[in-house]
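The next block holds one structure in the form of structure tokens; read it before the comments.
The values are calculated or read from the model by the stated rules, or taken from the named source; none is laboratory data. Only a predicted model underlies this, so the values are computations on that prediction, with no experimental measurement involved. Cβ coordinates were reconstructed from backbone atoms using ideal geometry, including for glycine residues, and neighbour counts include every protein chain displayed.
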Amino acid sequence: MDTIALPLLVIGVYMFIPLYIGAKAGDHEFGTPEDFFVQSRSMSSTAVFFTVMATWMSAFAYLGSSASFYLKGPVYWTTIGWDFLFGILFYVIGKRVWFLGKTNGYLTAADFFRHQYNSNRLADLVAVIMLIFTLPYLQIQLAGGAYLIQVASNGLIPWEIGGLLFLIVIIIHVWAGGLRAVAWADIFYGVLIMFGLASSGIFLVNKVGGMNTLFLQLQETAPEILTLPGPSGKDGALLWLSMFIIVPMGALMGPHLWTRMYAAKSPRIFNLMPLLLGLVSIINVFPMLTGYVGIILEPGIENPDTILPVLLYRHAPYVFMSLVMVGGAAAAMSTSNSQIHSISSVYTIDIHQQHINKNLSNRKLLLVGRIAIVVFSVFSYIMLIRAPGLLINIGLIAMSGTAQIIVPLMGALFWRRSTAQGAIAGLASGMAVLVSSIFMVRMNIAIEVVYAGIVALLVNAIVFYIVSRVTPIREEKHLLVLQKQIEEFQEL
């Protein structure tokens, strides 16, 4: 079989598997918003783990991690730390969100804030932030899939067309089965992601004579790639720490992770998640090997995000390359299907139902959700075409935005004195700092956007605290109800 046709055939067959899964999941649909958006809160622990893991291991991790090691050296090793922190946050915060969501019937993050703070304005602000900053992260997934297909076809299929193909498959898949289809597919995706990352790293390091030889060559030819602050001289400990904080907080506050917290059937999976995600973090050894091998075998790649597919295309058998690229497709699709699904729920529940038509039937509300899937997917594709960029950079912008939501969330869960006015003021201040910093970065006035994310988070927290202290406390009757729920949670 033609050397280009084989990888494309494997990827093509793989891309249609989600369509079958979506159709089967659709057969089990109950026809209610709760079922379409949070799987009737009945997701098994196995499905929760795989869908969280597969969503977490996105194109940002599959392709962007190798690119970061290739460009910046060891700063991306912070991924080991943020995997553990993400697991701890999923346990400490996620379990509480799960309980309160089940108790009060929340479907979205905005539902949580609307009820906890008794504030529609705060809920609207949270919904807008989630929409604005999830779309760039969705752009990453389309970019990852697009680059993969472009390299696999040796440029025969441009990345613009590749991204469109991914988008069409995802829309059909999510439209058909909702969160149930997403979760079932993520079990399949998770296995492929782990296989692809591990096998490619092992194969490529052997192409240069093994790990010992690889590091000896790097020590001789590019020693700056092995230590902080990396070859540019600015990717040091501060960037390491900033990414460690922003990435797990930003990921956890994304609407797709809120959906998974609400959907779990049992609280047991939350207890296990720090251990399970900590074990999964070992997989990051292999993107490091891929990035460092790329420095030896393929220096000067024009687009670093393509370093993994380029290495495989030029140095690996075509059958093996095809299988690893399927893992890359899984990483892109496992996150994009979750994000498309979750932002459609944000629009449908938090915007359309709240502000456009509060009296829609379940059938019409689900139709709105499905149409939103198409609209936001098309918009993200336009962003891909108009504003391509390094996957890591886009991801950090997106996570810096959603990370701001953790401040009022922690206030609701752990600080009785927190107020809606404080939450709104804090989020508005943090957003102002972040957005202005992003424009400064684009004009080369400032450095890494993740630093802006940290500064915005600090400003957010300070303003939240000060304004909450000087504004009236939430209604006592309301606080007593919330306190009783927390006490019930502590009895679990």
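Quick notes on this one:
- Where a residue in region 179-192 is farther than 12 Å from Ala25 by Cβ and its partner, wherever it lies, is assigned to a helix (DSSP H, G or I) and not aromatic (Phe, Trp, Tyr), with Cβ under 6 Å and at least six apart: Tyr189/Ala54; Tyr189/Ala330; Tyr189/Ser334; Gly190/Met53; Gly190/Ala54; Leu192/Val326; Leu192/Gly327; Leu192/Ala330
- Test: residue in region 324-340 that is touching a Phe, Trp or Tyr at 6+ places or on another chain (Cβ under 6 Å), assigned to a helix (DSSP H, G or I), under 30 Å from Ser200 (Cβ atoms) and β-branched (Val, Ile, Thr): yes
- Look at region 470-492: where a residue is in contact (Cβ under 8 Å) with a residue 24 or more places away in the chain and under 15 Å from Thr419 (Cα atoms), no partner that is part of a helix (DSSP H, G or I) and hydroxyl-bearing (Ser, Thr, Tyr) sits 6+ places away or on another chain with Cβ atoms under 9 Å.
- Qualifying position, being modelled with pLDDT under 85 and surrounded by fewer than 24 Cβ atoms within 10 Å (Cβ to Cβ), among Ile149, Ile161: Ile161
- Candidate set: region 187-236, residues that are of a type in the set (Phe, Trp, Tyr) and farther than 19 Å from Ser281 by Cβ; chosen: the one modelled with the lowest pLDDT: Phe188
- Residues in region 202-254 that are over 24 Å from the mean Cα position of the chain (by Cα) and of a type in the set (D, E, K, R) were compared, and the one that is surrounded by the fewest Cβ atoms within 10 Å (Cβ to Cβ) is Glu220.
- Within region 94-140, the set of residues being without any contact (Cβ under 8 Å) to a residue 12 or more places away in the chain and touching a Leu at 6+ places or on another chain (Cβ under 9 Å) comprises Arg114, His115.
- Any hit, region 356-363, residues being among the aliphatic types (A, V, I, L, M) and either surrounded by 19 or more Cβ atoms within 10 Å (Cβ to Cβ) or at pLDDT below 80 (or both): no
- Members of region 300-323 found to be outside any helix (DSSP H, G or I) and within 19 Å of Val75 (Cβ to Cβ), listed by number: Ile301
- Which listed residue is out of contact with any Lys or Arg (no Cβ under 8 Å at 6 or more places or on another chain) and surrounded by 19 or more Cβ atoms within 10 Å (Cβ to Cβ), from Ala420, Ala456: Ala456
- Here the condition is being closer than 20 Å to Gln39 by Cβ and part of a helix (DSSP H, G or I); of Leu100, Leu107, Leu89, Leu85, it holds for Leu100 alone.
- The single condition from (1) surrounded by fewer than 18 Cβ atoms within 10 Å (Cβ to Cβ); (2) part of a helix (DSSP H, G or I); (3) in contact with a Ser or Thr (Cβ under 8 Å, 6 or more places away or on another chain) that Ala54 fails is (1).
- Selection within region 403-439 - part of a helix (DSSP H, G or I), under 19 Å from Leu100 (Cβ atoms) and of a type in the set (Val, Ile, Thr): Ile405, Ile406, Val407
- Any pair with Cβ under 6 angstrom, 6 or more apart, that starts in region 218-230 at a residue that is within 16 Å of Gly294 (Cβ to Cβ) and ends at one that is surrounded by 11 or more Cβ atoms within 10 Å (Cβ to Cβ) and charged (D, E, K, R): Gly230/Lys72
- Per the conditions (1) in a helix (DSSP H, G or I); (2) free of Cβ contacts under 8 Å to residues at least 40 places away in the same chain; (3) not polar (S, T, N, Q), the sole criterion not satisfied by Leu360 is (1).
- Residue among Val174, Val169 that alone is closer than 26 Å to Gly22 by Cα, of a type outside the set (Lys, Arg) and under 18 Å from the mean Cα position of the chain (by Cα): Val174
- Of the listed requirements (1) of a type in the set (Ser, Thr, Tyr); (2) surrounded by fewer than 19 Cβ atoms within 10 Å (Cβ to Cβ); (3) touching a helix residue (DSSP H, G or I) at 6+ places or on another chain (Cβ under 9 Å), Ser334 misses just one: (2).
- The lone exception for Gly294 - which of (1) in a helix (DSSP H, G or I); (2) at pLDDT below 85; (3) within 20 Å of Thr221 (Cβ to Cβ) it fails: (2)
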